[in-house]
Amino acid sequence: MTKRVKFPPDFSWGTATTSYQVEGAWNEDGKGESIWDRFSHEPGRIVNGDTGDVACDQYHRYKDDVALMKELGLRGYRFSISWPRIFPEGKGKLNEAGLDYYNRLVDELLANGIQPFPTLYHWDLPQALQDEGGWANRDISGHFTNYAETCIKSLGDRVKHWMVFNEPWVFTFLGYIAGIHAPGLRDRPTGMRAMHIANLAQASATRAMRAVGTAEAIGTAFSMTAAYPYTETEEDGAAAERQHAFSNDWFLRPLMQGVYPRAYVDQERALAEMDMRPGDDEAMKAPHDFIGINLYTRTIAAHNPDDKYLGIRQVPPPGPKTEFGWEVWPAALYQMIMRIHRDYGLPTYVTENGCSYSTGPDPQGRVPDQKRIEYYKGYIGQVGRAIDEGADVRGYYAWTLLDNFEWAMGYSQRFGIVYVDFENEEKRFVKDSGFWYRDLIAAGEIEYDETVV
């Protein structure tokens, strides 16, 4: 059964990007080296040996891209600030040229009626700080806090909504334990410490930003995946709850309540590995004003007694897949929004949601990416369903504006609603999905299926 829902008139429709994935200009105007600059230049790390050296060249083309956003009717733009553009060494001397770029970007957005929605850290850590231990070194909390203060003091007269982190689970676990993202470590004890120190830094930066007094709302964009039990057994239900605790709540509950959710089979051992110290429970608590949800798919969890850490086996989902290999399951976004609404009662933003399909332009320059349109219809419909059922969802940010450097996958995956021809001076072509999104924003309403779960 379908139902039509109207979005609130002030709903924030936008797109999301990140500095390393779109800016390029990796060593211009005093910018320092980031861990992704280093990682992408190491042989064998990235598909096809791709790097973000040029990416979409938004550093030089930001005015053209803002004009594209205006053409598509976007009301907000979620971008990230590159820490090594501001502090090339992560600390010490400020690079005024880097700060000036973001001032110009913010002014251009506002001049075109688009609200800036910056994220302070979207994975491009200054390499100089990684050389000192990165997120596994407690000193980083002070350096990050100083960086956060610097940004909000410079931009806070015009920027009112901020995000501290993007997906802390990803940059700690995948970067320090799994090793598939920068800095590419496979060191579990280091990764466990990094997760905890990231929580301490997140709270410290939040308090410092609030003290400046210009922010209207501060949040973080958390990577989330709705956890479904494989069967209706009690054991699989408990496994799904552990999956939720680890994937969705591991960086949220400490921020909001000063405690870690019970995710590990041996939780006490896990906390000891993280080097929890007296006073850390209060130090990592700094409740945010809203919660950002980055969600693409779901996870099906089964009990696994052979997994000594989480006791989970992830079951391959049966639904249709995108070219990235992620299952298309729109109800997962509804389930996640409602779970966060029940657990925390705060406003939420869908800060990332999207899909990868490689459809390119035809001879006339049209990009008929119907699969992406169907994906968005399903997922955005489920956002409307959550609003219809009482969740306070304030905005939706499609991932992503432009086809870009997709981390370890390089340029082999295309998530944009605008096609980028990387072989032809990064020429842009708005995809059919981009025009569909424009029309949705103008209409402000969508149908959703209220029977899917």
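The values are calculated or read from the model by the stated rules, or taken from the named source; none is laboratory data. As the structure is a prediction and not an experimental result, all values here were calculated from the model. We place every Cβ from the backbone using ideal geometry, glycine too, and count neighbours over all the protein chains shown. Side chains are part of the model used for accessible areas, which takes the heavy atoms of the whole protein and leaves out ligands, DNA and RNA. Shrake-Rupley method; radii C 1.70, N 1.55, O 1.52, S 1.80 Å.
Looking at region 57-65, can you tell me whether even one residue there is at pLDDT 95 or above, open to solvent by less than 30 Å² (accessible area, probe 1.4 Å) and either hydrophobic (A, V, I, L, M, F, W, C) or more than 24 Å from Glu426 (Cα to Cα) (or both)?
No, the conditions are met nowhere in region 57-65.
Take the residues in region 406-430 that are open to solvent by less than 10 Å² (accessible area, probe 1.4 Å) and of a type outside the set (A, V, I, L, M); name whichever of them is farthest from Arg366 (Cα to Cα).
Filtering region 406-430 for residues open to solvent by less than 10 Å² (accessible area, probe 1.4 Å) gives 410, 415-418, 420.
Those still in the list that are of a type outside the set (A, V, I, L, M) too: 410, 415-416.
Details: Gly410: 24, Phe415: 16, Gly416: 14 Å.
That would be Gly410.
Identify all residues within region 289-313 that are over 25 Å from the mean Cα position of the chain (by Cα) and of a type in the set (S, T, N, Q); write none if there are none.
Asn304
Could you list, ordered by first residue, the pairs with Cβ atoms under 8 Å in which the first is in region 307-330 and touching a residue at least 24 places away in the same chain (Cβ under 8 Å) and the second is loosely packed, with under 14 Cβ neighbours inside 10 Å and polar (S, T, N, Q), at least 6 apart or interchain?
Glu323/Ser358
Please go through (1) open to solvent by 10 Å² or more (accessible area, probe 1.4 Å); (2) closer than 22 Å to Met163 by Cβ for Glu374 and return the number of the only condition it doesn't satisfy.
(2)
Could you figure out which of (1) of a type outside the set (Gly, Ala, Ser); (2) in a helix (DSSP H, G or I); (3) open to solvent by less than 30 Å² (accessible area, probe 1.4 Å); (4) more than 12 Å from Met195 (Cα to Cα) isn't true of Asp281?
Among (1) of a type outside the set (Gly, Ala, Ser); (2) in a helix (DSSP H, G or I); (3) open to solvent by less than 30 Å² (accessible area, probe 1.4 Å); (4) more than 12 Å from Met195 (Cα to Cα), Asp281 violates only (3).
Is it the case that Asp403 is over 29 Å from Val453 (Cα atoms), crowded, with 21+ Cβ neighbours inside 10 Å and of a type in the set (Asp, Glu)?
Yes, satisfied.
Go through (1) within 29 Å of Phe117 (Cα to Cα); (2) of a type in the set (D, E, K, R); (3) touching a strand residue (DSSP E or B) at 6+ places or on another chain (Cβ under 8 Å); (4) open to solvent by 50 Å² or more (accessible area, probe 1.4 Å) one by one and return the number of the condition Arg313 breaks.
(1)
When you scan region 358-371, do you find a residue that is over 30 Å from Asn424 (Cβ atoms) and modelled with pLDDT of 95 or more, even just one? Quick ask: steps written out before the conclusion?
Initially, region 358-371 is screened for residues over 30 Å from Asn424 (Cβ atoms), giving none.
Scanning region 358-371, I find no residue that is over 30 Å from Asn424 (Cβ atoms) and modelled with pLDDT of 95 or more, so the answer is no.
State which residue pairs qualify: first residue under 16 Å from Phe251 (Cβ atoms) and inside region 170-193, second residue of a type in the set (Ser, Thr, Tyr) and outside any helix (DSSP H, G or I) in any location, beta carbons under 7 Å apart, and separation of 6 or more residues or different chains.
Correct list of pairs: Val170/Ser223.
Starting from region 416-442, take each residue that is touching a residue at least 24 places away in the same chain (Cβ under 8 Å) and of a type in the set (Val, Ile, Thr) and list its partners that are surrounded by fewer than 16 Cβ atoms within 10 Å (Cβ to Cβ) and not in a loop (DSSP other than H, G, I, E, B), counting only C-beta distances under 9 angstrom and pairs at least six apart or across chains.
Once the first residue is touching a residue at least 24 places away in the same chain (Cβ under 8 Å) and of a type in the set (Val, Ile, Thr) and sits in region 416-442, its partners that are surrounded by fewer than 16 Cβ atoms within 10 Å (Cβ to Cβ) and not in a loop (DSSP other than H, G, I, E, B) give Val420/Lys427; Val430/Glu71.
Here is a check on your reading of the model: is Asp236 assigned to a helix (DSSP H, G or I), of a type in the set (Asp, Glu) and surrounded by fewer than 24 Cβ atoms within 10 Å (Cβ to Cβ)?
yes
Residue check, Met1 against (1) among the aliphatic types (A, V, I, L, M); (2) open to solvent by 60 Å² or more (accessible area, probe 1.4 Å); (3) within 23 Å of the chain's Cα centre (by Cα), all met but one. Which one?
Answer for Met1: the failing condition is (3).
Given the residues Glu23, Glu71, which is the only one that is under 23 Å from Tyr419 (Cα atoms), crowded, with 23+ Cβ neighbours inside 10 Å and of a type in the set (Asp, Glu)?
Numbers: Glu71 fails: crowded, with 23+ Cβ neighbours inside 10 Å.
Checking each option against the conditions leaves just Glu23.
If you check Ala270 against the conditions, is it more than 25 Å from the chain's Cα centre (by Cα), in a strand (DSSP E or B) and modelled with pLDDT of 95 or more?
Judged against the criteria, Ala270 is not a match.
Return only the number of the condition from (1) open to solvent by 10 Å² or more (accessible area, probe 1.4 Å); (2) within 30 Å of Thr51 (Cβ to Cβ); (3) among the small types (Gly, Ala, Ser) that Ser433 does not satisfy.
It fails just one condition, (1).
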